[in-house]
1. What fraction, in whole percent, of alpha-carbon pairs in region 356-434 exceed 16 Å separation?
2. Multiply the residue separation of Lys249 and Leu404 by 0.36 nm, subtract the distance between their alpha-carbon atoms, and state the gained length in nm to one decimal.
3. How do the peptides 283-296, 312-325 rank, highest first, by the average count of neighbouring beta carbon atoms within 10 Å per residue?
4. What size of dipole, in debye to the nearest 20, comes out for region 113-236 about its Cα centre when the only charges are +1 on Lys and Arg C-beta atoms and -1 on Asp and Glu C-beta atoms?
5. Step by step: find N for region 78-223, compute 2.2 N^0.38 Å, then divide the Cα radius of gyration by it. What's the final number?
6. Using a Förster radius of 30 Å, what is the FRET efficiency between Tyr377 and Phe426 based on their Cβ-Cβ separation? Nearest 0.05, please.
7. Taking N as the number of residues in region 71-148, what is its Cα Rg relative to 2.2 N^0.38 Å?
8. Helix 161-172: angle to the longest alpha-carbon principal axis of the chain, degrees 0 to 90, nearest 10?
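Only the coordinates and a few stated rules stand behind these numbers; no lab work does. Fair warning: this is a prediction, and the values are worked out from it, not measured in the lab. Here the Cβ is made from the backbone with ideal geometry for all residues, glycine too, and neighbour counts use every protein chain on show.
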Amino acid sequence: MTNYADKDHASLAEKFNVDEPRVNWHDETLWWVRVKRDKASKSLPEWELLRETASQIKNNVLSNLSEYLIQFEEEATRNGITVHWAADAKEHNEIVHGLLQKHGITRMVKSKSMLTEECHLNEYLQQQGIEVIDTDLGERIVQMRKEPPSHIVLPAIHLKKQDVSDTFHEHLHTEKGNYDPQFLTHAARLHLREKFLTGKLALTGVNFAIAETGEFVVCTNEGNADMGAHLADIHIACMGIEKLLPQRKHLSVFLRLLARSATGQPITTYSSHFKKPRKGQEMHVVLVDNGRSIQLGRKDFRNSLKCIRCAACFNTCPVYRRSGGHSYHTAVAGPIGSILAPNIDMKQYADLPFASTLCGSCSNVCPVKIDIHDQLYKWRQVLMKEGYGSTVKKMGMKGMTFTLSHPGVYHFAGNAGRWVLRNASFIVNNKLNPWYKQRDMPSPPEESFGEWYKKNRK
C-alpha cells in the first residue's frame, strides 16, 4: 500500500491539489452523485420519516447492544454459523489467518469490506504469505496500484479510465492505450473469473445483521460477494458490532435508505441474505469491536456508530471533494471518518476534525441523522483540551482570544490589518501563509462596520 509518511490532511490535500483539472473533475463527479441522491430521495414522500425511523432503530440498537449481540450469536450458532469475537484489529486478523491456516489455504477472494481495511487485513495476510484477491472492481484496481481505497462506495473514484487502462496494461497485459470502459470491464471479468472458480475461501463484509434471526445481509452492485461466497467451501463474514438490527422487518427501512443515499439508486443490485451454510460449507462470522465500545461510551460521539457506510457525507462535503480520500490517511475518510478516527487514536488523527468547514451538509444528507458537523466541532474542543492541537494552532487561538477580549486591541488590529492589505499585502500574501495558496482576497474596505455604524446611525 502507498505509504503516507507525512500523515497530515493539509499537506496530503496540497499534494492532491497540484493537478487542478483532476481536482475539478473529482469535485464535479462526486457532486453529480450527490445530485442523484437528492433526486432519489425526493422521489419518496416518506423520505424524512424513513430517516427518523432508521435513526430511532439505531438508537435502540446502541442502547441495547450487548443484548442484541448475545441474541445474534445464539441464533447464528443455532443456524450452524460459527461466531468469533475480536476485541481489536489484531485479534480479527489472527482469527481470519487461523482459519486459513487450519485448512491449509494460501489464497482467498475478498469482496468489499471497510472493516478489513480498518484492520489492515490485506497487509497482515500478505506478510503471512497469503494471497488476497479483492474482487470488487474498484478495490481490485487500487489493490493493483498498491493504494488504499479513497472512498467507501467508490474506492477508485480518484482515478480516470486512462489510469485504469494503464494499470490493466501493466498487470493484466491488456492493449496499451485502450480506454474503452467496456473493454476494460471485460478484461477485469476474465481476470477475476479464474480467481472465483478456484477460491476455497471467500471473505465478505456485512452491511446489516439481524439479531432476531442470526442472519446477515451483504449489499453489492457487482455480485462479487455472491460469486465468492457461493463457490467457496468456507465463507468468513467480518462485521463491526454496530451493524446489528433488532428484527428482519427493520431491514426494509435501511435498504430503502442505503442505495439512494450512496449512489442515487432505488436499491442495490444484490441484497444477499446469508442465514446458514449450505451442505458441506463452513460459515464464520467475526464480530469486531476495535474501539467501538469506547465510542459508545462517549456521550457526544456515540451517535457516530449509527453509520451505515453510505458515503453520502463524502459526496456532499466541499473539503472531501477537493482534497481526495487519501488526504484523510485513514480507512474511512470524509466527515464520518473524521469523527470515528480520533476515537481510535487522538494523536494520529488530531488533524481530521479540523478538515471541515462545519457547513452542516454532511448532517443534512445522513440517512440515519448523525449530527456529524456538531461532532466535528466537539472533537476539536476535546483534542485541544487534551493537548493534541498543534503549537501554531494553540498560539493562534490564544492570540485571537486576547484580541477578541479587548475592544481596543480588536479595533487597532482591524485598522492595522486593513492598512496592510491596502499598502503592503505581500506581508500576508506570500508562500509562508498557507491561507493564500488557494484563495484570492477581496480589496479591504475603507472603514470597519463599527466605524460605518457610528457615522450612519440615527
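1. 70
2. Full extension from Lys249 to Leu404 adds 50.4 nm.
3. Peptide ranking by packing, descending: 312-325, 283-296.
4. 340
5. 1.13
6. Efficiency, rounded to the nearest 0.05: 0.30.
7. 1.20
8. Around 40 degrees separate the two axes.
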